[in-house]
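The values are calculated or read from the model by the stated rules, or taken from the named source; none is laboratory data. What you see is a predicted model, and the numbers here were worked out from it, not measured in a lab. Cβ coordinates were reconstructed from backbone atoms using ideal geometry, including for glycine residues, and neighbour counts include every protein chain displayed.
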DNA sequence: ATTAAAACTTATCGCGCGTAAAAATTTTGT
DNA sequence: ACAAAATTTTTACGCGCGATAAGTTTTAAT
């Protein structure tokens, strides 16, 4: 700790016995200066805890080191987790990530992009709301700022997308369910929040037909991101109405499944894969809480790690090369067998 | 949309037929200019979508309009929810909030505060990690930046704290559990992540003694923020070892309870408050997922809304007046009766 | 030791805006 | 209509740092 407070880079350069441009170079890239001077700066840094003013920095740099990360709903542990993962990778790559949540609101999503613009980010990792997104606003933004989409694709905007191979998800878990018991009915939202749901439904239908079974789809009314509540309410209704024609239910995602399990409990239906159980329930995503449902949820795990790694790598590559193109990078899911199915 | 792109405030002032300082005044406070000129500016704003450069603004302003919000663990829906709530209130008050997560890591918490310093925030709302927090780092930061603590207190730093009246929580739910069945055992972590746990334990003991019951505390080994896993693993161990002396378990928080419910399920124990159930389980917090456990979790709800409102109000008041003092503002909990107890 | 390359210094400009003081203009009250 | 008050314009400076160019020193290579 120094007695004199360092106000700016000029003063800091003075106490470290160097010129300001050299110190400036160091902060932009520590390896761009001679090792001996780097050591001198870092020694001075220990003594005087100085940090360049981030506003002054970003005002002048052609390219900031900022990266914006936008997810549709941070209160969902799935997005909290993947957001954290992506954030960490950006930090490791020497960037300054900031995480934003659209809170399920298309207007807020557009507003975040607008205010992101003034941050002059090097790049943006965007998990769009999906169906309800303001495509025009997103398109306009992406023309100016290198952007990689993840989790949910927006075809036709010429953007790189990184996510899960949803049809493969459905194939895999339908195969498993048919192999181990009755073929599954599919439980989903009537107006799903994002397009992945459509691919999962289609994957389910294809997989069922390939195995010679009649697809059976049950749809839940309801809008928004309160998936558990929708799953509980509509699941209960569909159960009462006898809409499920087999004893096995594949939910479009884990949060819906969690709500559906709640509905089963309320109706006194024992869930599981053993003889005494009345119904089998499976989900998709491997939500952080799926391990702790009663019974623990059988599901198809998204490859969080691969998706976040690939999303960041692709963004940095686009930033460096300046070449963007519409291509989708998809990762397979992994079957997590627990007790619910 | 204009044909000419506005680059800076100078140009924008030109197209709106005003001088730059007047426009500058407008952006600092739209009411500081005459209504007629305000209208002119806002008309021009419609045409030319210009935004002041955020870096240039903050470089010169004595006080930014930034507010930092730091929570210990954003992947926990509880903190995601309260973070969102606080964020919205700051926005409504005309500030620019940014949410950060310490990810359960004291070093990261200190690092966030350090980097927050360079954002020159008007104020900071901090939910500290608690026990493991680097008190020295926090104290140093709070001397320079107006800060209000929430969720978890750090006594002795002269800061305003807004949170729950934890002893009251325990009293209330112990009363209910004793009234409706056997007195509860208390299940908690041996080395809890934050000091609220200690107050809840103490509240439990006091409440039990007041009713003439022998307190019974069962502690779970384990560190970190994987509460569900700790609750499941250690809960199962304690159940097997017969450490619970009554048929009722009050968990220190809902996440622990969710894990404990999972342990009960694994052991084939039916949880609930009716005759056929083997055990009753209750939590504290009213975690967003507690509604959807099987059975739904009886718990004591934190007053999210009151806490976040009060936290923001107090911060803004401190910012304006410049007077800070060590005082605690506590809110009572509300009993949420569901089926688990 | 000689020389070229690499690293550093000095000097200067500009980024976009806040801020302040003085002068010019408009609005308000009577 | 006229003075006082409120607002706006003009002018000017500074914030902290990036960027660049020209000159000087250090390092590495032959």
Requested in this report: Run residue B:75 past the list (1) modelled with pLDDT of 90 or more; (2) crowded, with 19+ Cβ neighbours inside 10 Å and report the number of the one that doesn't hold.
Outcome: (1)
Report task. Could you list all residues from the stretch B:131-156 that are assigned to a helix (DSSP H, G or I) and under 23 Å from residue B:65 (Cα atoms)? Result -> B:138, B:139, B:140, B:141, B:142, B:143, B:144
Query - Residues located in the stretch B:112-130, provided they are assigned to a helix (DSSP H, G or I) and either crowded, with 19+ Cβ neighbours inside 10 Å or more than 10 Å from chain A (Cβ to nearest Cβ) (or both) - result: B:112, B:113, B:116
Report task. Evaluate the stretch A:78-97: report whether one residue or more is closer than 22 Å to residue B:121 by Cα, touching a helix residue (DSSP H, G or I) at 6+ places or on another chain (Cβ under 6 Å) and modelled with pLDDT of 90 or more. Result -> yes
Report task. Can you work out which of the residues in the stretch B:39-60 that are in a loop (DSSP other than H, G, I, E, B) and touching a helix residue (DSSP H, G or I) at 6+ places or on another chain (Cβ under 8 Å) is surrounded by the most Cβ atoms within 10 Å (Cβ to Cβ)? Result -> B:50
Query raised in the report: Can you tell me which residues in the stretch A:223-260 are surrounded by fewer than 21 Cβ atoms within 10 Å (Cβ to Cβ) and within 23 Å of the chain's Cα centre (by Cα)?
Result: A:223, A:224, A:225, A:226, A:229
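Residue-wise test of (1) part of a loop (DSSP other than H, G, I, E, B); (2) farther than 25 Å from residue B:324 by Cα; (3) near DNA strand C (Cβ under 9 Å from one of its atoms).
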| site | (1), (2), (3) |
| --- | --- |
| B:21 | no, yes, yes |
| B:78 | no, yes, no |
| B:86 | no, no, no |
| B:97 | no, no, no |
Query raised in the report: In the stretch B:317-341, what count of residues is obtained for those that are in a helix (DSSP H, G or I) and surrounded by fewer than 17 Cβ atoms within 10 Å (Cβ to Cβ)?
Result: 3
Query raised in the report: helices (runs of 4 or more DSSP H) wholly in the stretch B:170-286 with at least 2 residues that are away from every other protein chain (no Cβ under 14 Å) - which ones?
Result: B:196-210, B:227-240
Query raised in the report: For the stretch B:102-111, what are the residues that are within 11 Å of chain A (Cβ to nearest Cβ) and over 30 Å from residue B:283 (Cα atoms)?
Result: B:111
Report task. Scan the stretch B:27-38 for residues that are within 10 Å of DNA strand D (Cβ to nearest atom) and either surrounded by fewer than 18 Cβ atoms within 10 Å (Cβ to Cβ) or closer than 23 Å to residue A:116 by Cβ (or both) and report the count. Result -> 7
Query raised in the report: Does residue B:99 count as away from every other protein chain (no Cβ under 14 Å), more than 21 Å from residue B:201 (Cβ to Cβ) and either within 19 Å of the chain's Cα centre (by Cα) or surrounded by fewer than 24 Cβ atoms within 10 Å (Cβ to Cβ) (or both)?
Result: no
Query raised in the report: From the residues in the stretch B:49-96 that are touching a strand residue (DSSP E or B) at 6+ places or on another chain (Cβ under 6 Å) and more than 11 Å from chain A (Cβ to nearest Cβ), which one is farthest from residue B:305 (Cα to Cα)?
Result: B:65
Requested in this report: Just give me the residues in the stretch B:1-19 being more than 8 Å from DNA strand C (Cβ to nearest atom) and part of a helix (DSSP H, G or I), in sequence order.
Outcome: B:13, B:14, B:15
Report task. Output the number of the condition that residue A:180 fails; it satisfies all remaining conditions of (1) closer than 17 Å to residue A:201 by Cβ; (2) more than 15 Å from the chain's Cα centre (by Cα). Result -> (1)
